[in-house]
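All remarks here apply to the structure that follows.
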Amino acid sequence: MDQYHPVPPGLMLSNIKEVPFIKLDDMILEFELDDPSPEFQEIAKKELRETPEIQKMSIARLQELLKAEKDLKTPLDHEAWLIRFLRPCKYYPESSLTLVKNYYNFKVKHASVYNNLKPSTAKNIFEHNILTVLPNRDQHGRRMLLVELGKKWKHNKCSLDEVYKGCVLYLEGAMIEPITQIAGGVVIFDLDGLSLQQAWQFTPPFAKRIVDLLQEAMPLRIKNIHIVNQPYVFNMVFALFKPFLNEKLKNRIIFHGTDRKSLYQYIPPAYLPSQFGGTQVLKQLSGPEWYSLLIQVDKEFDAINSYGYKKK
């Protein structure tokens, strides 16, 4: 239990006092809540304009802007929360305000998905083991989310909306980590075995929701989306997404098929698990193992869900 250390003051919205963790063999997995190392501080300075002076001024200005939004409840005095929205916008307060408003408007628009969304209400998706975060980061310090919508996905037992909810929970969890706020994340979609019946589960409204989330309403830097092992039927699925994609996101979607060398140009084998021909030797976590970690921050999701636009 000696690895179970206190949460840095002011980082969590809830009253969680110690960093939740799970122990797997000789590995300890926990949320990485420490201050960014000098290396990541330099990345934040170079890519996000982050300096103590700019951070202080931007926090104060964003607080002013949010105070004027009378219908929007936010943790105004919670600096770590404000930084979550300032970093993706390179510390421009007006852009951060737009992101905050988009984030909460999106939750209102899709209330049927977001109401009471937290790990304890979404257990089913984790039990199906089609969503997992790799325990290691890539060579740039990015979190890697693996989504396996092929052989593992039993769509009659786990709906596409449930998959979506699981992804959102992971993204919300990633937003808590300072390093991930700076470095961002990548998503790997493994579509090996995607069937026509599974492809029919995708609809234009679902595609638009995903794209709108990534382009307008998610305060997290998604650097690349890698599509691997996609069968021909995936062309039908991707055709639903294409009309909604802007150029920036379109350029971050990379199709690899079964060409591992293509994938390695972006993520070297040393950072990938063996299923992609990688040499990463860390134990790959299953969905239920990730659930056992996320459920420990259920109260944090309660706190996250307590903010937003007033219900009319």
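The values are calculated or read from the model by the stated rules, or taken from the named source; none is laboratory data. Predicted model, so just to flag it, every value in this text is computed and none were measured. Here Cβ is always computed from backbone atoms with ideal geometry, including for glycine, and neighbour counts include all displayed protein chains. Each accessible area value is taken on the protein alone, full model and side chains, heavy atoms only, with ligands, DNA and RNA left out. Shrake-Rupley method; radii C 1.70, N 1.55, O 1.52, S 1.80 Å.
Below 11 angstrom from the Cβ of PRO178, what's the summed charge of the other residues (Lys, Arg +1; Asp, Glu -1)?
-3
Give the residue from LEU145, ILE125, PRO135 lying farthest towards the positive end of the charge dipole for segment 120-198; charges sit on Cβ (+1 for Lys and Arg, -1 for Asp and Glu) and the dipole is referred to the Cα centre.
Selected residue: ILE125.
Mind jotting down the distance between the C-alpha centroids of segment 35-63 and segment 74-153, whole Å?
21
Let me know the volume per residue of the alpha-carbon convex hull for the chain, in Å³.
On the way: hull volume 42.9 nm³, N = 312.
About 138 Å³ per residue, rounded to a whole number.
Express as a percent, rounded to the nearest 5, the fraction of DSSP beta bridges in the chain (both residues included) that run antiparallel. If you can, show how the numbers build up before the last one.
On the way: 10 of 26 bridges.
Among the beta bridges of the chain, antiparallel pairing accounts for roughly 40 percent.
What does the accessible area per residue of segment 198-269 come to in Å², with a 1.4 Å probe and no ligands, DNA or RNA counted?
Heavy-atom accessible area per residue stands at 51 Å².
Among HIS78, LEU99, PRO8, whose Cα projects farthest towards the positive end of the dipole of segment 1-128, with charges put on the beta-carbon of Lys, Arg (+1) and Asp, Glu (-1)?
Final value for the positive-end residue is LEU99.
Convex hull over the Cα atoms of segment 1-56, averaged projected area in nm²?
Projected over every direction and averaged, the Cα hull of segment 1-56 covers 5.4 nm².
State whether segment 140-183 is rounded, prolate or oblate according to the following rule on the C-alpha gyration tensor (a ≥ b ≥ c being the square roots of its eigenvalues): a/c under 1.5 gives rounded; otherwise a/b larger than b/c gives prolate, and the remaining case gives oblate.
Here segment 140-183 falls in the oblate category.
So for segment 226-312, what are the equivalent ellipsoid semi-axes in whole Å, largest first, each being the square root of 5 times an eigenvalue of the Cα gyration tensor? Kindly include the intermediate steps, with their values, before the conclusion.
Numbers: eigenvalues 197, 122, 30 Å².
In descending order, the three semi-axes are 31, 25, 12 Å.
Looking at segment 72-224 only, what percent of DSSP beta bridges run antiparallel? Nearest 5 please.
Restricted to segment 72-224, the bridges split so that about 25 percent are antiparallel.
Given +1 on the Cβ of Lys and Arg, -1 on the Cβ of Asp and Glu, and no further charges, what dipole in debye does the chain carry about its Cα centre, rounded to the nearest 20? Mind showing how you got there, number by number?
On the way: 41 positive and 36 negative charges, 246 e Å.
The calculated dipole for the chain is roughly 1180 debye.
Over the Cα atoms of segment 77-146, compute the convex hull volume and normalise it per residue, giving Å³.
146
Give, in nm to one decimal, the length gained when the segment between GLU127 and PHE255 is fully stretched (0.36 nm per residue of separation minus the Cα-Cα distance).
Numbers: separation 128, 0.36 × 128 = 46.08 nm, distance 2.80 nm.
The GLU127-PHE255 span can extend by a further 43.3 nm.
Tell me the Kirkwood hydrodynamic radius of segment 214-277 in angstroms, computed as one over the mean inverse distance between distinct C-alpha pairs. Please report the intermediate quantities before stating the final value.
Numbers: mean 1/r = 0.0751 Å⁻¹.
It is 13.3 Å.
Once the Cα gyration tensor of segment 30-70 is diagonalised, what are the square roots of 5 times its eigenvalues, in whole Å and ordered largest first, as equivalent ellipsoid semi-axes?
After diagonalising the Cα gyration tensor, the semi-axes are 25, 15, 8 Å.
If the cut-off is 24 Å between C-alpha atoms, which lysines fall inside it for LYS23, apart from same-chain ones fewer than 8 positions away?
Counting by Cα, and skipping residues close in sequence, LYS23 has these lysines nearby: LYS118, LYS123, LYS283, LYS299.
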